[in-house]
Protein chains: 2
Amino acid sequence: MHQPSAVPHVVIVGGGFAGLWAARALAKSAVRVTLIDRRNHHVFQPLLYQVATAGLSAPDIAAPLRHILRGQRNLEVRLGNVREVRAVERRLLLADGSEIAYDSLMLATGATHAYFGNDAWAEHAPGLKILEDGLIIRRRLLMAFERAELATDPAARDAWLTFVVVGGGPTGVELAGTLAEIARHTLKQEFRHIDPSHARVLLVEAGPRVLAAFPESLSEKARKQLEHLGAQVMTGGRVETIDENGVLVNGQRIASRTVLWAAGVAASPLARSLGVELDRAGRVPVGPDLSVAGHPEIFVAGDLAAVSQDGKPVPGVAPAAKQMGAHVARVIKARLAGQKAPDFRYRHMGSLATIGRMAAVVDLGPVRLSGLLAWWFWLFIHIFFLIGFRNRVTVLMNWAWSYWTYQRHARIIFTPPEDKHEIG
Amino acid sequence: MHQPSAVPHVVIVGGGFAGLWAARALAKSAVRVTLIDRRNHHVFQPLLYQVATAGLSAPDIAAPLRHILRGQRNLEVRLGNVREVRAVERRLLLADGSEIAYDSLMLATGATHAYFGNDAWAEHAPGLKILEDGLIIRRRLLMAFERAELATDPAARDAWLTFVVVGGGPTGVELAGTLAEIARHTLKQEFRHIDPSHARVLLVEAGPRVLAAFPESLSEKARKQLEHLGAQVMTGGRVETIDENGVLVNGQRIASRTVLWAAGVAASPLARSLGVELDRAGRVPVGPDLSVAGHPEIFVAGDLAAVSQDGKPVPGVAPAAKQMGAHVARVIKARLAGQKAPDFRYRHMGSLATIGRMAAVVDLGPVRLSGLLAWWFWLFIHIFFLIGFRNRVTVLMNWAWSYWTYQRHARIIFTPPEDKHEIG
């Protein structure tokens, strides 16, 4: 049994990339670390779209936090839902009423989808941030084809066969490209009353181009690859309403029973209890040591942190979260040694986005790739970074199998026990 | 689009072993086949306990019915929930109000768990029949260790670390053996406030021995193997009540927060609409051609059928279901040809039960195996029969990995979206 001790207590909230990298970097330090998360697992978010599109099982891209960190003797993992930071008392309040005292705190609870004030859209257009989102989207996609097969009215059938993805960032592009592939190839021969390849996949982006963070030439290549895979791309498309029957875009009604949301994120609400002014997306502005103004003992990292560098915001991507997590550990260790760590500098390693089968774009600054080569590069990088040896091999094997057969092994529709809306 | 035609319409309800084997056997016949199931997938039930105990992902042991049967041009798969058989009109009534007419009907909707009139036990002691059951049990098992880690009261902690499995048949033995392995090996090093290897796993069987369908010598070997793995076996244990705090067995209270039910099954309620007298377990008595008395056009197969042979009931196991399914197809084809198929004969191929790591019992009549050799035999047979090439390879790889590392890759706790009982 652990007893409180004189060793400083570092509490990390969130077991994503930032939290995990900070925890690992503190392995050999004279601190006691508690990692708190609401879930028992770390998720490899870059492959979450594969769970949503039935290419991978959920356990393929997740690993129990306890297992990842089991060997780290100065650390304990705690399943818990942190509701409030009581910064003055240096305590966290949990949803079950218990409290945890800290000496140093790192908040890394990430971001969730945001509907820009249209919270009613959430029900009709699920977003993709956590593993459960992936399973919900998978169920909706697969059920849409089943509903279309059963539909007797042609208009109803077409609405079930129309898929709208809102948001042309990396997640939207991945979902639209993979959906087009499923409709055209995976479901071939399987239905008798519909032709899944006639499904319409529409990617709606409000800005002038998809993948706005990439150079214009790669955005254009991404659009062409999407269209080649069978998806339609609408840029300058302003979504006005979303309901269960479809979307209204630029005044035009699109009948669709399956709308996916990849348009906006907002930081986790836990930041609000810090009592500092947040940015427009709800993120916490931090200093060059990633600590909060007035609270040098509170750090924020990952998607929850608003960090500017050379006048530009550091992007909300996995490498940035890992670098921030590792940096917080460095600052804590330096302080223990009575030293000062250098300021945080984000090193941009390049941008990657996958689009679908053999299609991706890669921007490494001087080197720009697209198409098959970019796709291989993307695949190699993602499998290399996937946590856990077993997962890597299994994922690679699933991928190879999908690649040759066009099949997706996780095409299982779960009916949640609470779901009373079983098909009749 | 399919149009009704003069070709006889065979409707199969249920995509388990019986339904699938019947559907396949009718591939080249001059019939139109409709396979209806509430789920989109076939489940390889013999490995379901591995999903419940986090050894395999749900998609590892399931495959979409549409995909399995995609090449069979005289067949369509329909997702639907059959509520009633209107035998006089030769129609099925579905939950959504639609109707399906048939010329021949095969019911193969299987069995579900039964609590012998104590339906209130269902909430506290989940059973294991469908994929969703496996995910519910997995969540409960993993959460029990998390709750124990957070418990401050020793009695509460012990109750979270006590697991009771009710029923000493193959499923109960598999669950108890694997649970003991998880507690002793898989979770080693991962907790800081509990020692998972101190968990108590108790298998309660009402009869005088576990695996009653096996020879007495193998029952005794199974008990020894269970005890060697760390589970306790209580025979002659009559369960009197089950509630959220534990079970009352033979007047003795056992405090346990995790009780699993593997004690009883009852046939699917669809059979009641047939209007024939059912047996005590709700199964439909059928003649030697597997048809229902008074309705030669209605067949029943698999766990839903009560078939006697040489004065003994045919067991509710996968090989029996496959043989019955294939036999129904044979009878239908013979009738089309104006002939009579021979009577159904169940060929017993032997009995297998796995207990846990390197432990199993095999009864092949003259040959009886137990321990490591039986386990290899069991593994080979099960992977050989697993449907779908990809699944087979992945499952074998997962198994090899689990075997060498004691790890279980699917240790992911999902929080169903409707679940408001998140941990605090």
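The values are calculated or read from the model by the stated rules, or taken from the named source; none is laboratory data. Not measured: the values here are computed from a predicted model. Methodologically, a virtual Cβ is constructed for each residue, glycine included, from the backbone with ideal geometry; neighbour enumeration extends over all protein chains shown.
Looking at the structure I just gave you, is B:Leu369 without any contact (Cβ under 8 Å) to a residue 24 or more places away in the chain and not assigned by TED's automatic domain parsing to the domain that holds B:Met106?
When the stated conditions are applied, B:Leu369 passes them.
Taking into account only those residues within the range B:77-88 that are more than 12 Å from every other protein chain (Cβ to nearest Cβ) and part of a loop (DSSP other than H, G, I, E, B), which is nearest to B:Leu20 (Cα to Cα)?
Taking the candidates together, the pick is B:Ala87.
Which members of the range A:112-133 meet the condition of being in a strand (DSSP E or B) and either out of contact with any helix residue (DSSP H, G or I) (no Cβ under 8 Å at 6 or more places or on another chain) or of a type in the set (D, E, K, R) (or both)?
Result: A:Thr112, single match.
Considering (1) buried (at least 20 other Cβ atoms within 10 Å of the Cβ); (2) under 19 Å from the mean Cα position of the chain (by Cα); (3) within 14 Å of chain A (Cβ to nearest Cβ); (4) in a helix (DSSP H, G or I), say which one B:Ile136 fails and leave the rest.
So the condition that B:Ile136 fails would be (1).
Tell me, which residue of the range A:52-76 that is under 28 Å from B:Ala62 (Cβ atoms) and either part of a loop (DSSP other than H, G, I, E, B) or among the β-branched types (Val, Ile, Thr) (or both) is farthest from the other protein chains (Cβ to nearest Cβ)?
A:Thr53
Test B:Arg157 against the criterion of being basic (Lys, Arg), over 30 Å from B:Leu92 (Cβ atoms), surrounded by 22 or more Cβ atoms within 10 Å (Cβ to Cβ) and touching a residue at least 24 places away in the same chain (Cβ under 8 Å), and give yes or no.
no
Quick check: anything in the range A:101-111 assigned to a strand (DSSP E or B), modelled with pLDDT under 95 and more than 12 Å from A:Ile36 (Cβ to Cβ)?
Taking every residue of the range A:101-111 in turn, at least one turns out to be assigned to a strand (DSSP E or B), modelled with pLDDT under 95 and more than 12 Å from A:Ile36 (Cβ to Cβ).
Within the range A:9-18, is there a residue that is in a loop (DSSP other than H, G, I, E, B), hydrophobic (A, V, I, L, M, F, W, C), out of contact with any Leu (no Cβ under 9 Å at 6 or more places or on another chain) and away from chain B (no Cβ under 14 Å)?
Checked against the condition, which is being in a loop (DSSP other than H, G, I, E, B), hydrophobic (A, V, I, L, M, F, W, C), out of contact with any Leu (no Cβ under 9 Å at 6 or more places or on another chain) and away from chain B (no Cβ under 14 Å), the range A:9-18 yields no hits at all.
Take the residues in the range B:17-51 that are buried (at least 24 other Cβ atoms within 10 Å of the Cβ) and small (Gly, Ala, Ser); name whichever of them is nearest to B:His67 (Cα to Cα).
B:Ala23
Filter the range A:322-377 down to the residues that are assigned to a helix (DSSP H, G or I) and of a type in the set (Gly, Ala, Ser) and list them by number.
Result: A:Gly325, A:Ala326, A:Ala329, A:Ala334, A:Ala374.
When the range B:308-351 is examined, which residues are found to be surrounded by fewer than 22 Cβ atoms within 10 Å (Cβ to Cβ) and of a type in the set (A, V, I, L, M, F, W, C)?
Hits for the range B:308-351 are B:Val314, B:Val317, B:Ala318, B:Ala326, B:Ala334, B:Leu336, B:Ala337, B:Ala341, B:Met349.
Any residue in the range A:89-114 that is within 18 Å of A:Gly15 (Cα to Cα) and more than 14 Å from every other protein chain (Cβ to nearest Cβ) sitting within a Cβ distance under 6 Å of a residue that is charged (D, E, K, R) and surrounded by fewer than 18 Cβ atoms within 10 Å (Cβ to Cβ)? List the pairs, counting only those 6 or more apart or interchain.
Close Cβ pairs satisfying both conditions: A:Ser104/A:Glu297.
Looking at the structure I just gave you, is A:Leu187 out of contact with any Leu (no Cβ under 8 Å at 6 or more places or on another chain), of a type in the set (A, V, I, L, M, F, W, C) and either more than 14 Å from every other protein chain (Cβ to nearest Cβ) or in contact (Cβ under 8 Å) with a residue 24 or more places away in the chain (or both)?
It is true that A:Leu187 is out of contact with any Leu (no Cβ under 8 Å at 6 or more places or on another chain), of a type in the set (A, V, I, L, M, F, W, C) and either more than 14 Å from every other protein chain (Cβ to nearest Cβ) or in contact (Cβ under 8 Å) with a residue 24 or more places away in the chain (or both).
For the range B:13-32, check the following and say yes or no: at least one residue is under 25 Å from the mean Cα position of the chain (by Cα) and β-branched (Val, Ile, Thr).
Scanning the range B:13-32, I find at least one residue that is under 25 Å from the mean Cα position of the chain (by Cα) and β-branched (Val, Ile, Thr), so the answer is yes.
Considering only residues of the range A:160-175 that are assigned to a helix (DSSP H, G or I) and away from every other protein chain (no Cβ under 14 Å), which is surrounded by the fewest Cβ atoms within 10 Å (Cβ to Cβ)?
Checking each candidate, the answer is A:Pro170.
Out of A:Val82, A:Val88, A:Val43, A:Val51, report the one residue that is under 16 Å from the mean Cα position of the chain (by Cα) and farther than 25 Å from B:Lys188 by Cβ.
Step by step, each of A:Val82, A:Val88, A:Val43, A:Val51 is checked, and only A:Val51 is under 16 Å from the mean Cα position of the chain (by Cα) and farther than 25 Å from B:Lys188 by Cβ.
Return a yes/no flag: does the range B:274-289 have any residue that is farther than 26 Å from B:Ala95 by Cα and in contact with a helix residue (DSSP H, G or I) (Cβ under 6 Å, 6 or more places away or on another chain).
The answer is yes, given that some residue of the range B:274-289 is farther than 26 Å from B:Ala95 by Cα and in contact with a helix residue (DSSP H, G or I) (Cβ under 6 Å, 6 or more places away or on another chain).
Kindly evaluate B:Ala410 against the criterion of being modelled with pLDDT of 80 or more, within 22 Å of the chain's Cα centre (by Cα), facing another protein chain (nearest Cβ under 7 Å) and surrounded by 15 or more Cβ atoms within 10 Å (Cβ to Cβ).
Judged against the criteria, B:Ala410 is a match.
Looking at this structure, is A:Pro417 out of contact with any helix residue (DSSP H, G or I) (no Cβ under 7 Å at 6 or more places or on another chain) and either surrounded by fewer than 21 Cβ atoms within 10 Å (Cβ to Cβ) or modelled with pLDDT of 90 or more (or both)?
No, not satisfied.
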